[in-house]
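Read the figures in this text as sums done on the coordinates, not as results from a lab. These numbers were taken from a predicted model, which means no experiment stands behind them. Glycine gets a Cβ as well: all are built from the backbone with ideal geometry, and neighbour counts include every protein chain shown.
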Amino acid sequence: MKIDRLIGILSLLLQKDKVTSAELAEKFEVSRRTILRDIESINMAGIPIISEQGQGGGISIMKGYKIDRTLLSSDDMQAILSGLQSLDSVSGTNRYRQLMEKISANDTASINADNQIIIDLSRWDKSEVADKIELIKNAIEQRHIISFQYFSPSGESKRRIEPYHLVFQWSSWYVWGYCIDREDYRMFKLTRMTNLLLTDEICSNRNVPEYTCDKLRHTKGEIQATVKFDISVKWRIIDEFGTDILKYDENGNILLTLTWEDAPSFYVYILSFGDNAEILSPEEYRHEFAEIVKRISDKYEI
């Protein structure tokens, strides 16, 4: 697209004092004539670009024109490259790296070699998640409703949602949007979705609320319980919730009040701690969980 190319050319001119039309043409894979037309468009936008002929000549921003040349510094480029490579790790393509190469004045191979941060968001089943991400991304851009079969602790259901955000958190990918069936905003984990389809239905004109992440809430919270964790699993609590929510009882055990989507998924989470977690309140959840543990114990009774 022309606008992307214009932004790329301006970015290069901000990073380098001078560049030739031949270099720009090669960089953006267009003709020199197209580059000259782009330069004229930038001039018409109010940014004075000058072109010098002959040896040592080239295209540059007019000296004395006040423009922030640190708009994209080398450190900024390094940070952008890390982010773009993380997206490539999900998509399984080099699309975002290629974009970086077009807006960077430096050799991205050398940038990558010097980069001390590597972000890999891919899973072992990369292709399955990547395909879902691409479809949902297109749905968000086109404002189309998506439909899918969803598997949750409460059972299997057919869902139709208006997608608004792709979210990577809690080490997994989610889509956040308005669930038409539940008439509310919900989060759905991509790995639990099957038969994902991009429909022809257009999303309604809604006043969409801002997405917020509550680290003690894994989706729209519907139940709340206080849980005591043994200090031996402190590493996991910190890993999942951070340090600022830690509270302790008189014996040094960790106390947390958790808000969860539903009781079944909450019980599954508590079971993952074995005997290092105990539900303290409310009593109904404590008794319900005790029944679950008893039924498990009965299966293994010798």
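Observations on the model:
- Amide proton proximity set for Y185, modelled H, under 5 Å, gap of 5+: C179
- Which listed pairs, of K228/K294; K137/K189; K158/K228; K132/K158; K158/K294; K234/K299, have C-alpha distances above 26 Å, in listed order: K158/K228; K158/K294; K234/K299
- The calculated Kirkwood hydrodynamic radius for the stretch 223-299 is 13.0 Å, given to one decimal from all distinct C-alpha pairs.
- 11 Å reach of a label modelled at S232, 7 Å along Cα-to-Cβ, counting backbone N of the stretch 259-298: 274-277
- Between S281 and L198, residue separation times 0.36 nm minus the direct Cα-Cα distance comes to 25.6 nm.
- For the stretch 126-202, the square roots of the Cα gyration tensor eigenvalues, ordered a ≥ b ≥ c, give a/c below 1.5, which places it in the rounded category.
- Judged by the ratio a/c of the largest to the smallest principal axis of the C-alpha gyration tensor, the stretch 2-61 counts as rounded, that ratio being less than 1.5.
- Cβ-based net charge around E301, under 12 Å, with every Lys or Arg adding one and every Asp or Glu removing one: +2
- Remark: the stretch 279-290, residue by residue, has Karplus-estimated 3J(HN,Hα) of 6, 8, 7, x, 4, 4, 6, 4, 5, 4, 5, 4 Hz, where x stands for each Gly or Pro and the curve is 6.51 cos²θ - 1.76 cosθ + 1.60 at θ = phi - 60°.
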